[in-house]
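Q: If you scroll down you'll find the structure; I have some questions about it.
Read the figures in this text as sums done on the coordinates, not as results from a lab. Please read all numbers here as calculations on a predicted model, not as lab measurements. Ideal geometry is used to build each Cβ from the backbone, glycine not excepted, and the neighbour counts take in all protein chains shown.
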Amino acid sequence: MSSPKTLNLVRSVWKSFLESSGLEPRLLHNLTITAATPGRVKLSLPIEKHHTNRLSILHGGTIASMVDLGGSLAVASRGLYSTGVSTDLNVTYLSSGGVIGDVISAEVQCDKFGKTLAYTSIVFKNEKGDTFARGSHTKYVMQAWKDEKNIVEEIKEEAKALEGKSEAQV
């Protein structure tokens, strides 16, 4: 389930990360945005060698980086092209996320979206659908509201149009 305007904006923000950032293109280049609706984004990542630790399991730093990126993409799903700066990031590791060749998924949501701060949360699942980690990310967004590429009002309209529709209709 996706919303066209929201998915397009989130994917354009992800493309900007890939083109402009130092970390994400190296670590998360194979991350896929599988769906986006106002306030919610779904991601998947096939685990590769550079995502693992010396025990050959998914590295906690990879997960933390995905919390950071996921929070930014959740903010984008509310219409901000510039996604602010981090003020707080938390990760809880519940179990191993997987090994090379596994595909993990994540669902991130923007829990609260204001003029100054945005609060996001994310849940990570393995291929069996078991939750193996969760996180939260707070973003300072006051300056981000000034970006000309923002489409906050358009995303609000898209969200209103989606209200009352079932997942099968979207």
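Q: Just want the answer: with Cβ charges of +1 for Lys and Arg and -1 for Asp and Glu, which residue in L27, G79, I155 is farthest toward the dipole's positive end in the range 23-170?
A: The residue sitting most towards the positive pole is L27.
Q: Compute the length gained on full extension between Q143 and L94: take 0.36 nm times their separation in residues and subtract their Cα-Cα distance, giving the result in nm to one decimal.
A: 14.2 nm
Q: Can you figure out the FRET efficiency of D111 with K160, using R₀ = 22 Å and their beta-carbon distance, to the nearest 0.05?
A: With a Förster radius of 22 Å, E is 0.70.
Q: Where Lys and Arg each count +1 and Asp and Glu each count -1, what net charge lies around R26 among other residues with Cβ under 15 Å from its Cβ?
A: With Lys, Arg at +1 and Asp, Glu at -1, the net is -3.
Q: Which three lengths, in whole Å and largest first, does the range 4-153 cover when its Cα atoms are put on their principal axes?
A: That gives 44, 26, 26 Å along the principal axes, largest extent first.
Q: Give the value in nm², to one decimal: projected area of the alpha carbon convex hull of the range 83-139, averaged over all directions.
A: Convex hull of Cα atoms, orientation-averaged projection: 4.4 nm².
Q: Tell me, V75, V123 in order of fewest to most beta-carbon neighbours within 10 Å? Present the calculation step by step, with values, prior to reporting the outcome.
A: On the way: V75 28, V123 15.
Fewest-to-most Cβ neighbours within 10 Å comes out as V123, V75.
Q: Could you work out which residue, out of T116, T34, T62, moves most in a Gaussian network model of the chain, that is, has the largest mean-square fluctuation with Cα springs under 10 Å?
A: T116
Q: If you don't mind, another one. To the nearest 0.05, what FRET efficiency results for T131 and E153 with a Förster distance of 35 Å applied to their C-beta separation?
A: After rounding, the FRET efficiency stands at 0.50.
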